[in-house]
Amino acid sequence: MTPPSDLQVSDRTTDPDPTRGLTRGGRAGRGDSVFRGVALVAGLVVLAVLALIVWAMFDKGRDAIRVSGITFVTGDVWDPPNNTYGALAFIYGTLLSSLIALILAVPVSIGIALFTIESVPRRLRRPVVSVIDLLAAVPSVVYGLWGILVFAPAIQGFYQDIADTVGTWPGFSAVFGGNASGTSFMTAGIILALMMTPIVTSISREVITTVPSAQREAAYGMGATRWEVIRHAVLPWSRGGIVGGVMLGLGRALGETIAVALVIGSTAQITSHVFLPGYSIAAVIANEFGESSGTHQSALIAMGLLLFAITIVVNIAARSLVTRFDRRAQGVT
Amino acid sequence: MSLTRRATMLAAGLFAVFALAATACGSSSNNNSTTGTTGGSGFDYSSLSGTLNGSGSTFQKDFNEAAIQGFSDVAQNVTVNYAGGGSGKGKTDLANEVVQWAGTDSTIKSDQLSTFKGGTVLYFPTVAAPITVSFNLSGVSKIQLSASTLGGIFSGKITKWNDSAIAADNPGVSLPSTAITVVHRSDGSGTTNQFTHYLTLAAGSSWALGTGDTVNWPTSTKAANGNPGVAQAVKATDGAIGYVDYSTAVASKLTFASIKNKSGSYVAPSLDAASAALETAQVNANLTYLALDASGADAYPITAATYVIVYQNQSDATIGKALQGWLHYLLTDGQALANPNNYAKLPASLDQKALAQIDTMKIG
């Protein structure tokens, strides 16, 4: 088959020496080993830096863990003047705000991805994608400032309305009831969802476009409606990649510092009411590190290590989920 | 990407870079400068040279910036910088010899002293300022509070404005039944440290949360970031009460409560009342002092101290002399800059002691 004329490749049918661009003899082996060496050094440097960071944090955080013991992770009282360091309220806040972000962001993001691929006219696809990606370009601190200055005061009335209606129904009152505050778990969750959405959307979009058209065509051929095609042909194939994208977004949500610190309300408490103020690990470190010293500072560093551990656990869980989905999609299990 | 698209993006990027550079270069200089003279006691500033970098307490930042402006008029060859960042940062930076001087609201803890590479640290008091208890209550323009009532309010035990304790402090004032919203700092802060220290000293059993840059505030309270954040939160909520430093409270036009001092009189926060507190403050040998809960009929009881810290031994003679000049300026001509910038200047006796301490620095 002759290649198209606008492709710039050497015309192999008439070139006397097809191997012209390649190195020969000893030089080829040397290039390979240099490349391998550089790649090895790069990989080792990254691992070494990671190990050094973990070791340094562990070394500096040791004092606080020695003082608190296991209550560092199980205790919910954070009282630096009285040398009491219990991180449970912050762990709870980190997980709760990320969970709210997950619940809000994932359906919306997958919906946007499906929408841009299935429903948007081809001409409009590029602008729509660009606008979504623009959300990712907004710096976190801008989200935080907008959240504390505009969003939180405006949304407080809306929260109170929900608390007064849905919050009085049995079963819902534990989550939506009580006094509503503009700076709360819910607001932090919403801001995190806004930050997660572009990441999850763009990855989902990439993954969904890799679904072979044969799959889609086969489903259409059997008389499936558009939604059935999506549900039976597209989503099962791309599930693994979408989960990977969600976990990437979740990683951002777990570690997000300044935006959460500004809108979460800076009150260390464990409560099921999402409209009450809370605190997260990254937020308390950002707020208290500057003026801290001694055991207090050591406790903050130990919490950083804790956040690191939580993120690793979530990543491992994600990876195993992705592997399991991939296997199932390829019909292995 | 098409050529016009690329060109547009390049233009937008360049514009953004220019905008950023313009804002960075057009830095706002402090407009509270005074024309410098050759020094109140004939000190020769013009022979000094060098760069003095400082960081630390944001409480004294406004004063330091005004003094830097004034100092640059008399000592043309010395560049002084102050970065702020909090007392903790200032102390750590001085310990690591990253800066030549630091500002701090609190003394160095004994377990941190060994980390100071340059040896002995000297404390120089420069200014002080009141910490106001600002409130927002519709229909009420004057409130008086005793220390124990204050402790009860900020502990979350007193929840309504018409509580009997508040009513007892304010005979004849009709108080609404609005709920009290306590506002405190979310970030670790020297202001919190001074305020909670005062409550620990004066409020007795009604305050059990201790003293610290951050304390275990009850969950019914509201947190805000920075003095301006607390000021904004107090202004926005009816029934709110919070502690805000004097210059921010004045700038935000907040209403202050008068606090009962040790002598039994209710005093409103003002620079004169802060100076009165400094007069009767107990001063230690190293010139650290406690102006909180001061006795004296006109003293405002929540007057916060702040210090400039430097090393006693200065190995670099040029920097050492420049530091001595800077400290001399802060304690002489610089004191005139205190009141215009909402700080209280030092009483004469403390000022003299601090000036004498400059001579104990070992230069070279």
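Listed residues A:Thr187, A:Thr168; which is β-branched (Val, Ile, Thr) and either more than 14 Å from chain B (Cβ to nearest Cβ) or surrounded by fewer than 21 Cβ atoms within 10 Å (Cβ to Cβ) (or both)? Step by step, each of A:Thr187, A:Thr168 is checked, and only A:Thr168 is β-branched (Val, Ile, Thr) and either more than 14 Å from chain B (Cβ to nearest Cβ) or surrounded by fewer than 21 Cβ atoms within 10 Å (Cβ to Cβ) (or both). Residue-level analysis places A:Gly111 outside the set of residues that are at pLDDT 90 or above, within 14 Å of chain B (Cβ to nearest Cβ) and under 26 Å from A:Val274 (Cα atoms). In region B:232-246, is there at least one residue being surrounded by fewer than 20 Cβ atoms within 10 Å (Cβ to Cβ), at the interface with another protein chain (Cβ under 10 Å from one of its Cβ atoms) and in contact with a helix residue (DSSP H, G or I) (Cβ under 8 Å, 6 or more places away or on another chain)? Within region B:232-246, one or more residues are surrounded by fewer than 20 Cβ atoms within 10 Å (Cβ to Cβ), at the interface with another protein chain (Cβ under 10 Å from one of its Cβ atoms) and in contact with a helix residue (DSSP H, G or I) (Cβ under 8 Å, 6 or more places away or on another chain). Checking each residue in region B:177-194 for being more than 10 Å from chain A (Cβ to nearest Cβ) and out of contact with any Lys or Arg (no Cβ under 9 Å at 6 or more places or on another chain) picks out only B:Gln194. B:Val283 satisfies every condition listed in (1) over 18 Å from B:Gln144 (Cα atoms); (2) in contact (Cβ under 8 Å) with a residue 24 or more places away in the chain; (3) in contact with a helix residue (DSSP H, G or I) (Cβ under 8 Å, 6 or more places away or on another chain); (4) within 14 Å of another protein chain (Cβ to nearest Cβ) except (4). If you check A:Ala193 against the conditions, is it within 13 Å of chain B (Cβ to nearest Cβ), in a helix (DSSP H, G or I) and buried (at least 21 other Cβ atoms within 10 Å of the Cβ)? So A:Ala193 fails the test. Among the candidates B:Gly70, B:Gly90, single out the residue that is within 14 Å of chain A (Cβ to nearest Cβ) and outside any loop (DSSP other than H, G, I, E, B). Just one listed residue meets the conditions, B:Gly90.
Among the residues of region A:91-100, is any within 14 Å of another protein chain (Cβ to nearest Cβ) and exposed (fewer than 13 other Cβ atoms within 10 Å of the Cβ)? No, that holds for no residue. In region B:267-364, counting only helices (runs of 4 or more DSSP H) that sit wholly within it, the ones holding 1 or more residues that are within 21 Å of B:Phe195 (Cα to Cα) span B:271-279. Remark: B:Ala95 matches the filter, which requires a residue to be within 12 Å of chain A (Cβ to nearest Cβ) and at pLDDT below 95. Checked against the criterion of being more than 8 Å from chain A (Cβ to nearest Cβ) and within 22 Å of B:Ser146 (Cα to Cα), the candidates B:Leu209, B:Leu199 yield just one match: B:Leu199.
The values are calculated or read from the model by the stated rules, or taken from the named source; none is laboratory data. If you're wondering where the values come from, they're calculated on a predicted model, not measured in any experiment. When we count neighbours, we look across all protein chains shown, and the Cβ atoms used for this are built from the backbone with ideal geometry, even at glycine.
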